[in-house]
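The values are calculated or read from the model by the stated rules, or taken from the named source; none is laboratory data. Bear in mind that the values here come from a model prediction, so they are computed numbers and not experimental data. Reconstructed Cβ throughout: ideal geometry from the backbone, glycine too, with neighbour counts over all protein chains shown.
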């Protein structure tokens with residue numbers, strides 16, 4: 001029955017991560033941004049919480065909870081810091097791809113290390129198409145050839161997640177000369193394989209402690225992930241799970257910004273009273289709060305629909321679009337509440353705003369989300 | 001853990017009301033808008049179906065309320081079922097929805113503030129199944145809308161009676177209602193503490209109906225002016241009785257008026273969601289009929305994007321409503337969330353109906369295409385039951401916990 005209670009199990013996750021975010025993540029967020037990576041000490045502490053595989057099945061070492069758990073977890077972790085949240089999700093997009101494309105053997109081999117806290121720095125990098133649009137084959141920049149039963153990769157990966165601090169890469173590739181989605185294959189490449197060159201690290205608007213960059217592949221031998229009967233479906237499933245994570249993180253960042261603005265508005269005095277008493281500003285904050293609350297309700301409904309098997313990638317894309325648009329209002333307005341102080345790095349709001357924007361862009365951008373969602377709306381209504 | 005599954009009761013009511021809205025309400029919508037009235041046969045059909053008594057508690061002659069908790073264990077579903085039902089009814093037609101016989105917005109204050117005897121008096125009128133009956137809620141005056149503290153209808157004690165003087169306006173079903181819940185002040189200098197709510201029956205001496213308003217939308221719904229000239233109301237009709245205001249509740253009638261909003265605002269928001277959905281669905285139909293065939297791609301692409309935007313905003317509004325209703329059902333303070341749902345849903349209805357009209361272009365002008373009517377109907381949802389601005393005040397007073405102390 002319609003119910004908005006987090007529930008006992010998830011409350012425990014929520015409280016644990018909130019504590020961790022408050023006491024560990026926030027402390028170190030600026031430092032991590034400065035050095036461009038998450039300090040090892042924090043990785044170790046997070047690994048001890050055993051949250052990496054919270055919504056993965058038990059046979060690969062996961063906690064076996066459904067996707068609602070990750071929605072709650074990553075909102076809370078990103079409330080601490082969005083960039084660190086994305087970095088601490090060490091399986092990341094690549095892990096999801098292995099989950100949906102791999103054979104049972106491959107899943108156990110590459111995912112189970114996450115269940116051991118001593119592998120705190122084990123990471124999966126992911127080399128995907130340039131736009132991150134799930135259906136955009138034209139922007140696939142890596143091609144595969146098969147020679148004598150073996151696969152070899154050539155090309156350059158852009159915006160590669162964990163491009164230089166991973167242990168394995170998950171690589172999306174098409175055959176030379178093909179643009180057919182059905183021919184896509186996903187490969188696993190060991191970091192130390194000959195032919196791999198890591199290029200420059202991306203210097204970007206936000207998420208600076210999450211390392212992305214360029215990786216070149218020259219005749220690199222690769223293992224194909226061969227567990228999927230329906231690659232397009234597996235692709236969509238990987239996106240559904242990843243986009244729900246991204247949406248939760250954008251939500252967490254926005255909540256952090258809103259809460260900060262609410263606190264600040266009650267302290268800061270202008271024209272003889274706290275600025276929260278000035279209605280122009282108070283109304284703005286009310287609107288931010290409405291958007292945030294609505295975004296979470298929508299995200300939760302979508303996550304529940306995914307659990308029930310009722311949600312398509314289009315539904316998830318629509319929810320993500322709603323949240324990205326909400327964040328685009330909440331975060332800049334939070335800066336506005338702080339005025340000049342919001343623009344200065346002494347306060348974290350400008351960082352959360354940059355990180356929220358970067359999350360949306362890294363996951364494909366609003367244009368992609370709305371495009372994917374609109375395809376489904378047209379399909380549902382009998383269009384082509 | 002959070003979930004969005006409809007309970008069997010919710011599912012049944014949604015299907016039943018959707019069917020009714022589709023087959024009985026929608027076909028009347030445009031004609032009712034033209035003639036500014038709803039046929040009596042239709043109203044009687046509602047009465048026979050038990051709609052009039054649908055929100056009347058069992059102990060006053062109604063059936064068991066749908067979603068009313070059975071025993072102590074089961075949780076109440078009333079607010080959630082109400083929200084689901086309102087969305088479907090408004091989807092059928094929001095103006096006809098307001099015509100549905102029953103206590104209407106007068107119900108909650110009688111239930112919250114009234115004594116058992118008063119509740120019996122108020123709800124007994126709905127036992128009559130030969131005629132439609134209404135209750136109504138009269139708060140707004142010519143001199144104030146949102147600023148309830150500026151209430152100026154007076155109630156002067158004279159022995160066992162209160163003498164009411166003043167004018168109420170914009171009262172939905174006020175003229176034909178069997179009784180109105182009328183708010184008046186015993187002493188303006190007391191501010192909100194001086195507010196009293198009276199149950200005023202139709203033929204009370206000194207009570208008369210003024211003009212019936214002509215409106216932008218919701219034309220089939222009756223909006224009346226009520227005039228009180230030395231209207232004598234016995235103290236038994238003071239909601240809650242005199243001691244209610246002296247001892248039980250600080251803030252008295254004002255607080256009662258505010259408390260009913262926690263229940264009614266999500267319902268009003270649900271209606272706005274229903275309107276937006278109706279416009280969206282009509283638009284999709286229209287696109288399928290007229291547009292997809294041979295139009296140039298760029299414009300079509302833009303329409304698709306607008307559809308996504310409408311769809312996701314409607315869903316967001318719906319879940320905000322459900323959340324506020326759920327909080328009401330499980331007894332969590334939901335004032336902030338009720339206002340959030342109302343503020344957002346009204347804005348969504350505005351955006352969706354407006355964009356739908358723009359997409360339809362000249363076809364949008366036509367009344368027969370329904371959307372122009374929905375556009376006119378929806379505007380007031382950002383005004384009645386608290387304007388969008390009032391909702392935002394309610395919200396920020398609960399966000400700024402260091403400056404204000406509300407729950």
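Miscellaneous remarks
- Filter result for residue B:283 (buried (at least 18 other Cβ atoms within 10 Å of the Cβ), within 27 Å of residue B:221 (Cβ to Cβ) and either more than 9 Å from chain A (Cβ to nearest Cβ) or at pLDDT 95 or above (or both)): yes
- Yes/no for residue B:292 being touching a helix residue (DSSP H, G or I) at 6+ places or on another chain (Cβ under 6 Å) and either surrounded by fewer than 24 Cβ atoms within 10 Å (Cβ to Cβ) or at pLDDT below 95 (or both): no
- Test: residue in segment A:241-255 that is surrounded by 17 or more Cβ atoms within 10 Å (Cβ to Cβ) and either farther than 30 Å from residue A:101 by Cβ or in the same structural domain as residue A:170 (by TED's automatic domain parsing) (or both): yes
- Residue check, residue B:87 assigned to a loop (DSSP other than H, G, I, E, B), under 27 Å from residue A:299 (Cβ atoms), at pLDDT 95 or above and within 14 Å of another protein chain (Cβ to nearest Cβ): no
- Taken together, the criteria place residue B:399 among residues that are crowded, with 20+ Cβ neighbours inside 10 Å and within 9 Å of another protein chain (Cβ to nearest Cβ).
- Complete set of residues in segment A:268-278 that are facing chain B (nearest Cβ under 8 Å) and assigned to a helix (DSSP H, G or I): A:276, A:277
- Among the candidates B:155, B:149, residue that is outside any loop (DSSP other than H, G, I, E, B), exposed (fewer than 14 other Cβ atoms within 10 Å of the Cβ) and assigned by TED's automatic domain parsing to the domain that holds residue B:237: B:149
- Across segment A:333-366, the qualifying residues are those that are more than 19 Å from residue A:269 (Cα to Cα) and in a loop (DSSP other than H, G, I, E, B), and the one among them that is nearest to the chain's Cα centre (by Cα) is A:363.
- Qualifying residue in segment B:355-373 (condition: within 14 Å of another protein chain (Cβ to nearest Cβ), more than 30 Å from residue B:140 (Cα to Cα) and without any contact (Cβ under 8 Å) to a residue 24 or more places away in the chain): no
- Only listed residue being buried (at least 20 other Cβ atoms within 10 Å of the Cβ) and outside the structural domain of residue A:31 (by TED's automatic domain parsing), chosen from A:238, A:178: A:238
- Taking the criterion of being surrounded by 13 or more Cβ atoms within 10 Å (Cβ to Cβ) and in contact with a strand residue (DSSP E or B) (Cβ under 7 Å, 6 or more places away or on another chain), the residues of segment B:135-146 that qualify are B:135, B:136, B:137, B:138, B:139, B:140, B:141.
- The residue list A:311, A:334 contains one member that is farther than 19 Å from residue A:261 by Cβ and either more than 9 Å from chain B (Cβ to nearest Cβ) or surrounded by fewer than 20 Cβ atoms within 10 Å (Cβ to Cβ) (or both), which is A:311.
- Evaluation of residue A:305 against (1) within 8 Å of chain B (Cβ to nearest Cβ); (2) touching a residue at least 60 places away in the same chain (Cβ under 8 Å) (one fails), failing number: (2)
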